[in-house]
Amino acid sequence: MATQSNNHIDVVPKVLLQQLIDVLSAKGYRTVGPVVRDGAVLWDTIRQIADLPIGWRDEQAPGRYRIEQTDSTRIFGVVHGPQSVKPLAFAPREPLLMIERSQGRISIQPTMPKSEKVAVLGVRACDLAGLAIQDHIFLKDAYRDPYYRTRRDGLFLIAVNCTRALATCFCASMDTGPRAGANFDLALTELDEEMLVEAGSEAGREVVRALTCAPASTTQTSEAERQIEACADSQTRQLDRSRLPQALYDAHEHPRWDDVAARCLACGNCTMVCPTCFCHSVEVAPDLTQTGSEQSRLWDSCFTQEHGYIHGKNIRPTIKDRYRMWLTHKLASWIDQFGTSGCVGCGRCITWCPVGIDLTEELPALLKSSTQIKEESIQS
């Protein structure tokens, strides 16, 4: 369930929201927001509020994604597209090193990304939770990733609290939404005529001070809270984590793995759209003169055969092996490894699976005992 924030909340008329982009620009930020392109909503640079998908809505279901124009005046009527915030910090393709050979000597130079201030307008609560997991993976403990750090440090995150849920959303059961609880600079809640604004950092408070805004009334904050709560209550999917992680380890030889493997195409779509998946490979590409090469990091997927190939042997040769590894890591061993689930309830893996595999159906099926399965078979 959404919880009431104790932070001060201001209100800005939606007709004045262009000020936000102008203030960010004056502070040196390039603003990125959701835009309609190629039949989906994707991140792109925006310069005015009109660039956002005003009046558009998305429909999502297992294996189905559609957007349509409506007569609504809502700026953030689209919940989300295939992209989380992940690619803005963990680039899909990232040059790491340049290796050059000259006069019998070899030089190796890191190719760090250019530092840039990027304001991301329209981040959803589930994606803030996903980014927090990415931060834990790439920035915690001794082995911190400088490439990720450079991109991450430049991000100014403007969340939008969800007042509408998709059929594939289950963030409420994962405690990751629909309200943005942390890790944002600003959080917006869209009402019919106004936008409520909450600052979550000192950088966010500086931006608010530059806007034409006023303290939100009790009526406005109550209405925003009502809509966020209604969004949470409307979610029809959920994930019961009460028996995790051990119950999923105990299901290692469950027959359901064969059932889902027969449907899975091992295409990797679920891992590409997931806000938390971080598998990657390293590619070395020589130049045509054979005097240098570039080493790059690329997103990879545990669903590919190559990803499980180690020292002459593939440790996950079948689709069953690969799906079982993905789901068990995501919902069980991730908890042991990082102290949290690897799923944030965004539902993208359900929407973008070509055959509509739904992990909120797979998990309860996998946690059924052999006795329960036999009883259900007899009853049917």
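The values are calculated or read from the model by the stated rules, or taken from the named source; none is laboratory data. Not measured: the values here are computed from a predicted model. Virtual Cβ from ideal backbone geometry, glycine too; neighbours counted across all protein chains shown.
The table below lists the values:
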read-out	value
Among the residues listed as ALA167, ALA230, ALA216, ALA172, the single one being within 25 Å of PRO82 (Cα to Cα) and over 19 Å from the mean Cα position of the chain (by Cα)	ALA230
Subset tally (residues that are in contact (Cβ under 8 Å) with a residue 60 or more places away in the chain and not polar (S, T, N, Q)) for the range 27-56	10
Every pair of residues 6+ apart whose Cβ atoms lie under 6 Å, when the first sits in the range 111-127 and is on the phi > 0 side of the Ramachandran plot while the second is of a type in the set (Gly, Ala, Ser) and at pLDDT 95 or above	GLY122/GLY33
Selection status of SER281, of a type in the set (Ser, Thr, Tyr), touching a Leu at 6+ places or on another chain (Cβ under 8 Å) and in contact (Cβ under 8 Å) with a residue 12 or more places away in the chain	yes
Qualifying residues in the range 360-371 (those that are out of contact with any Lys or Arg (no Cβ under 8 Å at 6 or more places or on another chain) and modelled with pLDDT of 95 or more) - the one surrounded by the most Cβ atoms within 10 Å (Cβ to Cβ)	LEU363
Selection status of GLY55, touching a strand residue (DSSP E or B) at 6+ places or on another chain (Cβ under 9 Å) and either at pLDDT 95 or above or surrounded by 14 or more Cβ atoms within 10 Å (Cβ to Cβ) (or both)	yes
Counted residues, the range 109-118 - those being exposed (fewer than 10 other Cβ atoms within 10 Å of the Cβ) and over 29 Å from VAL23 (Cβ atoms)	1
Candidates VAL41, VAL11, VAL23, VAL15, filtered to the one that is under 24 Å from THR351 (Cα atoms) and either modelled with pLDDT of 95 or more or part of a helix (DSSP H, G or I) (or both)	VAL41
Any hit, the range 110-121, residues being over 19 Å from the mean Cα position of the chain (by Cα) and either assigned to a strand (DSSP E or B) or assigned by TED's automatic domain parsing to the domain that holds GLN290 (or both)	yes
Only listed residue being among the aliphatic types (A, V, I, L, M), crowded, with 19+ Cβ neighbours inside 10 Å and over 26 Å from GLN246 (Cβ atoms), chosen from VAL344, VAL273, VAL284	VAL273
Residue in the range 133-189 that is surrounded by the fewest Cβ atoms within 10 Å (Cβ to Cβ), counting only those that are of a type in the set (S, T, N, Q) and within 29 Å of GLU361 (Cα to Cα)	SER173
Out of ARG47, ARG37, sole residue that is within 23 Å of the chain's Cα centre (by Cα), surrounded by fewer than 19 Cβ atoms within 10 Å (Cβ to Cβ), more than 23 Å from ARG205 (Cβ to Cβ) and among the basic types (Lys, Arg)	ARG37
Filter result (surrounded by fewer than 19 Cβ atoms within 10 Å (Cβ to Cβ), of a type outside the set (S, T, N, Q) and at negative phi) within the range 301-318	GLU306, GLY308, TYR309, ILE310, LYS313, ILE315, PRO317
Members of the range 44-72 that are part of a loop (DSSP other than H, G, I, E, B), touching a helix residue (DSSP H, G or I) at 6+ places or on another chain (Cβ under 9 Å) and under 21 Å from THR351 (Cα atoms)	PRO62, GLY63
